[in-house]
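The values are calculated or read from the model by the stated rules, or taken from the named source; none is laboratory data. Please read all numbers here as calculations on a predicted model, not as lab measurements. Quick reminder, even Gly has a Cβ in these numbers, built from the backbone with ideal geometry, and neighbours come from all protein chains shown. These accessible areas exclude ligands, DNA and RNA; they are computed on the full protein's heavy atoms, side chains included. Shrake-Rupley method; radii C 1.70, N 1.55, O 1.52, S 1.80 Å.
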Amino acid sequence: MKNPIANRVDTIFIHVTDLEKSVEWYSKLLGVDVKGPVQGPIYTFDMGAGRPGLTLDNHCFDDMHEIKPLNHPLFNLSAVDINAAYQHVKDLGAEIVNEIQTFPDLSEFSFKDPDGNIMMICTCFS
């Protein structure tokens, strides 16, 4: 029997309280322009060909939904210069969860978005 589930990730969902503010914040974080009007319940950032999208979801049609951020990173973003990325995140006013840590094959740090969702930025050494 052929597996009905494709072996790929199409999008990563991030649950937010204020879609417009979150779209603005993430557009600055990612350095991309907002395309089209921001209308709930979701907005998806294109992360490049062959990569999963980043979808912000405000659950505006679900009165019972409660955002409960996890206590660990949801995903990681890549950066060429970890120090420049760290400063960029600090300039956005993000709360730093873990300072830059350097390991033999990568450097990383974690931070929170305005809703408390934790994500990580990594620089891999090759």
| query | So which GluC sites (Glu not before Pro) in region 73-126 are both in a DSSP loop and have at most 11 other Cβ atoms within 10 Å of their Cβ? | reply | none
| query | With the other protein chains left in place, how much accessible area per residue, in square angstrom, belongs to the chain at a 1.4 angstrom probe? | reply | 67
| note | Across the alpha-carbon set of region 1-85, Rg over Rh with Rh taken as the Kirkwood radius works out to 1.01
| request: Give, in nm to one decimal, the length gained when the segment between Lys90 and Arg8 is fully stretched (0.36 nm per residue of separation minus the Cα-Cα distance). | output: 26.3 nm
| remark: The longest stretch of the chain containing none of the chymotrypsin sites (Phe, Trp or Tyr not before Pro) that sit in a DSSP loop with at most 15 other Cβ atoms within 10 Å is 1-60
| Could you give the nm distance between label points at Phe125 and Glu20, where each point is 7 Å from its Cα heading toward the beta carbon? | 4.6
| said: If I histogram all Cα-Cα distances within region 73-126 using bins 10 Å wide from 0, what percent of pairs lands in each bin? | reply: 27, 60, 13, 1
| said: Exposed loop sites here are trypsin sites (Lys or Arg not before Pro) in DSSP loop states with at most 10 other C-beta atoms within 10 Å. What is the longest stretch of the chain lacking them? | reply: 9-126
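Run the helix sum for the chain: -39,500 (n - 2.57) per DSSP H stretch of 4+ residues, divided by residue count, reported at 222 nm to the nearest 500 deg cm²/dmol.
Helix-only estimate at 222 nm: -5500 deg cm²/dmol.
How high is the FRET efficiency between Ala49 and Asn71 when r is their beta carbon distance and R₀ equals 30 Å, given to the nearest 0.05?
Numbers: r = 33 Å, r/R0 = 1.10.
That pair, Ala49 with Asn71, gives E of 0.35.
Could you give the length gained on full extension between Val80 and Val34, defined as 0.36 nm per residue of separation minus the Cα-Cα distance, in nm? Walk me through the numbers on the way to the answer.
Working: separation 46, 0.36 × 46 = 16.56 nm, distance 2.32 nm.
Result for the pair: 14.2 nm of gain on full extension.
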| field | Estimated distance in nm for a label pair at Cys60 and Val97, the labels positioned 7 Å out from Cα along Cα-to-Cβ | value | 2.7
| query | For region 22-96, what % of the accessible area comes from carbon and sulfur atoms, probe 1.4 Å? | reply | 49
| field | Calculated from backbone phi, Karplus (6.51, -1.76, 1.60) coupling profile of region 24-38 in Hz, x at Gly/Pro | value | 4, 5, 5, 5, 5, 4, 8, x, 10, 7, 7, 9, x, x, 9
| Starting at 0 and stepping by 10 Å, how many percent of the alpha carbon pairs of region 33-76 end up in each bin? | 22, 42, 33, 3
| request: Give the relative contact order (percent, whole number) for the chain; include only Cα pairs under 8 Å separated by 6+ residues. | output: 23
